[in-house]
Amino acid sequence: MSSLLDLKKTELIELLKTEKAKYDEFCKRGLHLDMSRGNPSKEQLSLNGDLLNAVTDPDDCLTDDGIDCRNYGAPYGIRQARELFSEIIQVPADNVIIGGSSSLNLMFDVISRAMTHGLANSPRPWIKEEKVSFICPVPGYDRHYKILEYFGIDMIPVCMTGEGPDMDEVERIVSSDSSVKGIWCIPVYSNYSGDVYSASNIKRLAYMKSAAPDFVVMYDDSYTVHDLYDQYADIPSFYKECCNAGNENRPIIFASTSKMTFAGGGISCVAFGGENLRLAQNAFSVQAITHDKVNQLRHVRVLKDLQTIHKRMHGFADILRPKFELVESKFGEMLGNYDIADWSRPLGGYFICFRLKYGSARKVISLCNLAGVKLTPAGAGFPYGIDESDSYIRIAPTYPSLDELETAVTLLCICTLISSLENVIAMEA
Ligand code: PLP
């Protein structure tokens, strides 16, 4: 069989009855599973025990260049932390500013400052513009879009292609509409399509003409070292490409160690080029005297350099890979014969993108919720939480145990079958 559509109506009704009976059994189990967010699992967090012991002695809080991390000073972060992120995000260390424990906070700050003060080459603060818009690749990261919603910035969805956003569409919009001030990008293992941007798309983002003189790329490199297999995602330096293109004000690059060490307890960074670096440093020095340098010291002692990070990330990959493979094989086994859904097979990151052929994501998610498995709400990852096609579901397999995951994904497949069968039966009525 290659499609539900190949089944006779009586067979469809029989199959629906069987799947509903399975669903009723699941409902009786009193499940309480939460797969709504991409949190690291306890086993992953336990691999970072050394971080808790990296600074224990009060006399041991000096950096190699003599900065006492217990005191004020080094407003843009300790040198070693800036160098560490410089390697990760491929930007010179002088352009890197270390923040607190959240890169999302830094992203919020950039947009907030653009609204009140503008960025390099802004004719006026964004809040004084008649309209400000951003391109939002879909499916994307819901929290990026919430920041824009918070500031009343219009969002223009553009589809992902498997190697980044549809760049023909991005170039068309950015070159013709001066209200478009930016685009969000997650270049590696994108949350949540899993895309790794192609070198040619990274170049196009750097070189494309923009109608807005202050157009920026909010380049969130948060999953750049989060490989599931031995192969590293090797992408060109976006910063270098922008400089070569004469667009040094364009890249605003973010990263954090939230999913290398402790989620929400790591260190974060933002990097700028050109005039935007000067403006950001100025704002930073007004905003805080210094961020937590003791945590920066812990991190540089443990993470050391990119090679060490890759080695540590292998340990995470060994925990995560079986989870991703379990989800993919369960989908294949339970849905592969029916042509009712497809799913991404990411080589890294935190998510699997599940897409229903017969748009019914809201229904499937609600059936799962009723049976005790909480999934990311339908529409998350789309501007304003609206997925017009009602077909995308974000699967976050990292947190649950393998047993829990198997239960949750089996239930999801049953709910997918039920809602697809109901749709096909209704279509044939
Ligand atoms: N960016 C992306 C794409 C994420 O998926 C997440 C968390 O899931 C974050 C940023 C949040 O990072 P942080 O903990 O540094 O604020």
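The values are calculated or read from the model by the stated rules, or taken from the named source; none is laboratory data. Quick caveat: nothing in here was measured; it's all calculated off a predicted structure. Here the Cβ is made from the backbone with ideal geometry for all residues, glycine too, and neighbour counts use every protein chain on show. We work out accessible area using only protein heavy atoms, side chains counted, and drop any ligands, DNA or RNA first. Shrake-Rupley method; radii C 1.70, N 1.55, O 1.52, S 1.80 Å.
Residues in the stretch 156-198 that are in a strand (DSSP E or B), away from the ligand (no atom under 16 Å from the Cβ) and surrounded by fewer than 23 Cβ atoms within 10 Å (Cβ to Cβ): Ile156, Pro157, Val158, Cys159, Val180.
Kindly indicate which of Leu47, Leu33 is more than 25 Å from Ala233 (Cβ to Cβ), open to solvent by 20 Å² or more (accessible area, probe 1.4 Å) and away from the ligand (no atom under 16 Å from the Cβ). Of Leu47, Leu33, the one residue that is more than 25 Å from Ala233 (Cβ to Cβ), open to solvent by 20 Å² or more (accessible area, probe 1.4 Å) and away from the ligand (no atom under 16 Å from the Cβ) is Leu33.
Rundown of residues vs (1) on the phi < 0 side of the Ramachandran plot; (2) assigned to a helix (DSSP H, G or I); (3) touching a residue at least 40 places away in the same chain (Cβ under 8 Å), yes/no style:
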| position | (1), (2), (3) |
| --- | --- |
| Glu11 | yes, yes, no |
| Lys17 | yes, yes, no |
| Lys20 | yes, yes, yes |
| Gly30 | no, no, yes |
| Asp34 | yes, no, yes |
| Glu43 | yes, yes, yes |
| Tyr72 | yes, no, yes |
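Restricting attention to the stretch 301-318, the residues being over 16 Å from Asp234 (Cβ atoms) and open to solvent by 20 Å² or more (accessible area, probe 1.4 Å) number 9. Selection of the stretch 207-234 for residues being at pLDDT 95 or above and out of contact with any strand residue (DSSP E or B) (no Cβ under 8 Å at 6 or more places or on another chain) yields Tyr207, Met208, Lys209, Pro213, Val225. Looking only at the stretch 242-291, which residues are among the polar types (S, T, N, Q), within 11 Å of the ligand (Cβ to nearest atom) and not in a loop (DSSP other than H, G, I, E, B)? Passing the criteria: Ser256, Ser268. Does Asp214 meet the test of being of a type in the set (Asp, Glu) and part of a loop (DSSP other than H, G, I, E, B)? Yes; evaluated as a whole, the condition is true for this residue.
For every residue, the table says whether it meets (1) under 20 Å from Asp177 (Cα atoms); (2) open to solvent by 40 Å² or more (accessible area, probe 1.4 Å); (3) more than 11 Å from the ligand (Cβ to nearest atom); (4) in a loop (DSSP other than H, G, I, E, B).
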site	(1), (2), (3), (4)
Ser101	no, yes, no, yes
Asn105	no, yes, no, no
Val110	no, no, yes, no
Ala114	yes, no, yes, no
Ala120	yes, no, yes, yes
Ile127	yes, yes, yes, no
Glu130	yes, yes, yes, yes
Phe134	yes, no, yes, no
Gly140	no, no, no, yes
